[in-house]
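Enquirer: I'd like to ask some things about the structure below.
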Amino acid sequence: MRLILLGPPGSGKGTQAQRLVHKHGIVQLSTGEMLRAAVAAGTPVGLQAKEIMANGGLVPDEVVVGIIADRIEEPDARKGFILDGFPRTVPQAEALDDLLRKKHLKLDAVVELRVNESALLARVEKRAEETRARGEEVRLDDTPEVLTKRLAQYRSLTEPLIHYYSERRKLLTVDGMMTIEHVTREINRILTALGALEPREHEDHAPKAAKKAAKAAMKASKKPARKAAKPAQKAAKSARKAAKAPSKAKAAKKTVKKAAKKAVKKAARAAKARKGAKTAKKVAKKLTKKRAKR
């Protein structure tokens, strides 16, 4: 993921950049820090920049681009980066596009934090008043006067980048006047929708510790599953018994019916036998009377 955060001074670019760095494991590339690091390392571009700065001159765009070219080749920048302080002008943006094209890389998005300048000035004025009330000295770069100058400089030099990246369909605008948390969520949402944050990317760059923890959690989850399986098996057994109950009742009903039928037949035979016995008794009585007459 390769990003540029755009916005006037005080819009929260630094805060959001740090959150993206922490969440996605990318690096924040500050041109000022990169220049100082290149000078300290004594690289060819760094030595060139050192000579220019020693003479009090501004480091030209081609030197800054050369330093960026060296920096993005380092291992920690392979996952992605956020450019801080560059590009500031359209020519710098064009130079950056040429650099990325030569390296077969692409810029995923340019996120603009749009803010209300009047609100920014009011915020700085309030902060300055609170600082004075505490008896502390107000920082020279944290006054409404300085901010007004910086905002004017932003409008003249950097604001044209909004049109530049909008034409190239790279610009994504976020309301920078929301809370820090809301701005963070909105940036992540639009980057995900854009495809700059792909699930595969997260898997490839997931820390080993996170993978290990996930494996341990999976292993631990198997034990409760086995315990939970026992009551389920018991319940299934009861269900099978319950299912058999209707068939047993049916069989019992059939047996009772059969036994009742058998009992009726037996009773009928007994009744017939009693009737036959009665008839035989009558016949025997008649014979006895006849013999008595003789």
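Enquirer: Which far-off residues, 5 or more places away or on another chain, put their amide H under 5 Å from the one on V27, with H placed in the peptide plane?
Expert: Residues meeting the amide H criterion: G80, F81, I82.
Enquirer: State the extension gain, in nm to one decimal, for the chain segment bounded by R269 and E74, taking 0.36 nm per residue of separation less the distance between their alpha-carbons.
Expert: Fully extending the segment from R269 to E74 adds 59.2 nm.
Enquirer: Also, I was wondering about something else. Ordered by residue, what ³J(HN,Hα) values in Hz, to whole numbers, does segment 153-167 give under the Karplus form 6.51 cos²θ - 1.76 cosθ + 1.60, where θ = phi - 60° and Gly and Pro are x?
Expert: Per residue, the Karplus-derived 3J(HN,Hα) values read 5, 4, 4, 7, 9, 9, 4, x, 5, 4, 5, 4, 7, 5, 4 Hz.
Enquirer: Follow-up question, since we're still on this one. Using a ≥ b ≥ c from the Cα gyration tensor of segment 36-177 (square roots of the eigenvalues), is it rounded, prolate or oblate, where a/c under 1.5 gives rounded and otherwise the larger of a/b and b/c decides, a/b for prolate?
Expert: oblate
Enquirer: Name the GluC sites (Glu not before Pro) in segment 57-134 that are in a loop by DSSP and that have at most 14 other C-beta atoms within 10 Å, would you?
Expert: In loop regions of segment 57-134 (DSSP not H, G, I, E or B), the sparsely surrounded GluC sites (Glu not before Pro) are E73.
Enquirer: At a 1.4 Å probe radius, which order do K149, K170 fall into by accessible area, largest first?
Expert: Most to least solvent-accessible, the answer reads K149, K170.
Enquirer: Where Lys and Arg each count +1 and Asp and Glu each count -1, what net charge lies around S30 among other residues with Cβ under 12 Å from its Cβ?
Expert: Value of the local net charge: +1.
Enquirer: Separate question: Using 1/(1 + (r/R0)^6) with R0 = 30 angstrom and r between the beta carbons of T15 and K102, what's the FRET efficiency to the nearest 0.05?
Expert: Result of the calculation: an efficiency of 0.40.
Enquirer: Quick one: check the C-alpha center-to-center distance for segment 1-53 versus segment 139-171, whole angstrom.
Expert: Here the two parts' Cα centres lie 17 Å apart.
Enquirer: Return, ordered by residue number, the residues of segment 115-131 whose backbone nitrogen is under 15 Å from a label point located 7 Å along Cα→Cβ of T148.
Expert: Correct set: 117-126.
Enquirer: Does segment 1-83 come out rounded, prolate or oblate, given a ≥ b ≥ c as the square roots of the eigenvalues of its C-alpha gyration tensor, rounded meaning a/c under 1.5 and, failing that, prolate meaning a/b above b/c?
Expert: Oblate shape, in that a/c is at least 1.5 and b/c is the bigger or equal ratio.
Enquirer: Then there's this: Lys and Arg at +1, Asp and Glu at -1: add these up for the other residues within a Cβ distance under 12 Å of R132 and post the number.
Expert: Here the charged neighbours net out to -2.
The values are calculated or read from the model by the stated rules, or taken from the named source; none is laboratory data. Just so it is clear, the structure is predicted and the values come from calculations on it, not from any experiment. Note that each Cβ is placed from the backbone with ideal geometry, even for glycine, and that neighbours are counted across all protein chains shown. Heads up: the accessible areas ignore ligands, DNA and RNA and are worked out on the full protein's heavy atoms, side chains in. Shrake-Rupley method; radii C 1.70, N 1.55, O 1.52, S 1.80 Å.
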